[in-house]
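Report on the structure given below.
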Amino acid sequence: MKRIPFHNRERELNEVMKILEVEPSLITFIYGPINSGKTTMISHLIDQLPEEYVVFYINLRGRFISDYRDFIRVLFKIETEKKYKEILKTISEISAETLKFSGIPVAESVMNALFKEKSYEDVFEFLEEYFTTIAKNKRPVLIIDELQVVGDLKINGLLMYKLFNFFIRLTKELHLCHIFAVSSDSLFIENVYSEAMLDGRCRYLLVDDFDYETAAALVEGHGFTDDEKAVAWEYCGGKPVCLMELIYADNREQIAKDMLKTRVTQLKDLLDYLDYTKPRIMIGDDEYLVEKGDIADILNRFVDTEYIDDEGLNRPAKHFLIKDNILFLNPHTGIIKPQSRLNLLAIREVLKDV
Ligand SMILES: Nc1ncnc2c1ncn2[C@@H]1O[C@H](COP(=O)(O)OP(=O)(O)O)[C@@H](O)[C@H]1O
Ligand SMILES: [Mg+2]
């Protein structure tokens, strides 16, 4: 089976390493369009980390979390009492390897106690002690991927606030543990961005699609001809997942055109659907109806440009397009662009008929 090796994320990885080399003091939000390579970069980072680190990676993608128990279940991973003790011993004694865990290993008895407590304060207190023990001779790193999954979850108040408070405690107050929160959801990141409690307590790291040089180097490494290289950039831009499709393909131009055709059909279907229905969208606590005309107005702006300014757009339509993964908003710059080059081309193609 052909497997494509990890491709250059030098700039982003350097930034992460710089963060990891100093005492934790801010929460780091890693954001970017869907399929830009955030999770892949994190996995690569975990593989490469020097031996003084202990990494806990938790991916919330596809996890169903509706209450306290679900939350505890995704955060922790039960180990038999014996193995848990061994892990603790390893963490506190061995310094010659990087330890990596998916989920935070605990003994079943601990898990049961946490289930019974039903209070975040106790969970966070337990974790604080846990990380304090590790920090005695290792450097703990907690990475939560797809954090937006618990973005709206209310369990005795909004869970997210309690999490943020806990993250601030581990970083800014105690300098105990590095925290990375990853998300593709730009509306979630926009909320984070405007959240007063995080002001001055976090930083943002964009992992975007590859730039031209990086994308070109990738496909050149896989024997693309100049024509194929041009096709790759025209259809995929720097979207890793799209470039992978072409790398694996026999007839690259045909596959690129097929991918675009699929995207065009999806967008046409969506616009057709909007002829019959006005979807409802929540912004804060208020509900709005999405009008097709407003959607078309926003999409029309991409006919002769790749990026638009966030200002002055119809908000429900904008939220709808972002939620539907057609557009990506960078809250840091206030710039909106299609989620991918294919989306941009599809928008232009479809608007010819609207
Ligand atoms: N740096 C990279 N090198 C090689 N392949 C990559 C790289 N980044 C992303 N990919 C490919 O793109 C796919 C989507 O990336 P992923 O990390 O899941 O995106 P995200 O987490 O940003 O949504 C991966 O499964 C992988 O095949
Ligand atoms: Mg991901």
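The values are calculated or read from the model by the stated rules, or taken from the named source; none is laboratory data. In this text, all values refer to a predicted model and were calculated from it rather than measured experimentally. No Cβ is skipped: glycine too gets one built from the backbone with ideal geometry, and neighbour counts run over all protein chains shown. Calculation scope for accessible area: heavy atoms of the full protein, side chains included, ligands and nucleic acids excluded. Shrake-Rupley method; radii C 1.70, N 1.55, O 1.52, S 1.80 Å.
Filter segment 264-280 down to the residues that are of a type outside the set (Ser, Thr, Tyr) and either over 27 Å from the mean Cα position of the chain (by Cα) or open to solvent by 90 Å² or more (accessible area, probe 1.4 Å) (or both) and list them by number.
At the first step, the residues of segment 264-280 found to be of a type outside the set (Ser, Thr, Tyr) are 264, 266-272, 274-275, 278-280.
Of everything in segment 264-280, those that are of a type outside the set (Ser, Thr, Tyr) and either over 27 Å from the mean Cα position of the chain (by Cα) or open to solvent by 90 Å² or more (accessible area, probe 1.4 Å) (or both) turn out to be Gln266, Lys268, Asp269, Leu271, Asp272, Leu274, Asp275, Lys278, Arg280.
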Of the residues in segment 18-39 that are closer than 21 Å to Pro338 by Cβ and either open to solvent by 80 Å² or more (accessible area, probe 1.4 Å) or among the small types (Gly, Ala, Ser) (or both), the one that is nearest to ligand 1 (Cβ to nearest atom) is Gly37
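Please enumerate the residues belonging to segment 68-109 that are of a type in the set (Lys, Arg) and touching a helix residue (DSSP H, G or I) at 6+ places or on another chain (Cβ under 7 Å).
The first filter runs over segment 68-109 and keeps only residues of a type in the set (Lys, Arg), leaving 69, 73, 77, 82-83, 85, 89, 100.
If the condition is that a residue be of a type in the set (Lys, Arg) and touching a helix residue (DSSP H, G or I) at 6+ places or on another chain (Cβ under 7 Å), then Arg69, Lys100 are the ones that fit.
Any idea which of Ile42, Ile58, Ile65 is open to solvent by less than 80 Å² (accessible area, probe 1.4 Å), touching a residue at least 12 places away in the same chain (Cβ under 8 Å) and within 13 Å of ligand 1 (Cβ to nearest atom)?
Values: Ile58 fails: within 13 Å of ligand 1 (Cβ to nearest atom); Ile65 fails: within 13 Å of ligand 1 (Cβ to nearest atom).
Only one candidate passes the filter, namely Ile42.
Given Phe115, Phe166, Phe126, Phe131, which one is farther than 17 Å from Tyr68 by Cβ and aromatic (Phe, Trp, Tyr)?
Values: Phe115 fails: farther than 17 Å from Tyr68 by Cβ; Phe166 fails: farther than 17 Å from Tyr68 by Cβ; Phe126 fails: farther than 17 Å from Tyr68 by Cβ.
None of the other options fit; the residue is Phe131.
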Quick one: which residue in Gly312, Gly293 is farther than 18 Å from Tyr193 by Cβ, part of a helix (DSSP H, G or I) and among the small types (Gly, Ala, Ser)?
Gly293
Residues (free of Cβ contacts under 8 Å to residues at least 24 places away in the same chain and under 19 Å from Arg348 (Cα atoms)) located in segment 276-318:
Lys292, Gly293, Asp294, Asp297, Arg301, Asp304, Thr305, Leu313, Lys318
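Specify which of the listed residues (Gly223, Gly200) is more than 30 Å from Asp145 (Cα to Cα), without any contact (Cβ under 8 Å) to a residue 60 or more places away in the chain and small (Gly, Ala, Ser). Don't jump to the end; show me each part of the working.
Values: Gly200 fails: more than 30 Å from Asp145 (Cα to Cα).
Every option except Gly223 fails the conditions.
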For Glu117, the lone unmet condition from (1) outside the structural domain of Phe76 (by TED's automatic domain parsing); (2) open to solvent by 20 Å² or more (accessible area, probe 1.4 Å) is (1)
Check Glu15 against each of (1) over 23 Å from Arg203 (Cα atoms); (2) under 18 Å from the mean Cα position of the chain (by Cα); (3) open to solvent by 50 Å² or more (accessible area, probe 1.4 Å); (4) away from ligand 1 (no atom under 13 Å from the Cβ) and name the one condition it does not meet.
(1)
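Mind listing just one residue for me: the one in segment 223-263 that is charged (D, E, K, R) and within 16 Å of ligand 1 (Cβ to nearest atom) and, of those, surrounded by the most Cβ atoms within 10 Å (Cβ to Cβ)?
So the residue we want is Lys239.
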How many of the residues making up segment 20-73 are of a type in the set (Val, Ile, Thr), within 16 Å of ligand 2 (Cβ to nearest atom) and part of a loop (DSSP other than H, G, I, E, B)?
1
Please verify whether Arg73 is in contact with a Lys or Arg (Cβ under 9 Å, 6 or more places away or on another chain), basic (Lys, Arg) and surrounded by 13 or more Cβ atoms within 10 Å (Cβ to Cβ), treating the condition exactly as stated.
yes
Can you tell me which of Asp152, Asp145 is within 16 Å of ligand 1 (Cβ to nearest atom), closer than 22 Å to Phe124 by Cα, assigned by TED's automatic domain parsing to the domain that holds Phe131 and out of contact with any Cys (no Cβ under 9 Å at 6 or more places or on another chain)?
Asp145
Would you be able to say whether some residue in segment 326-340 is of a type outside the set (A, V, I, L, M), assigned to a helix (DSSP H, G or I) and either under 18 Å from the mean Cα position of the chain (by Cα) or surrounded by 22 or more Cβ atoms within 10 Å (Cβ to Cβ) (or both)?
no
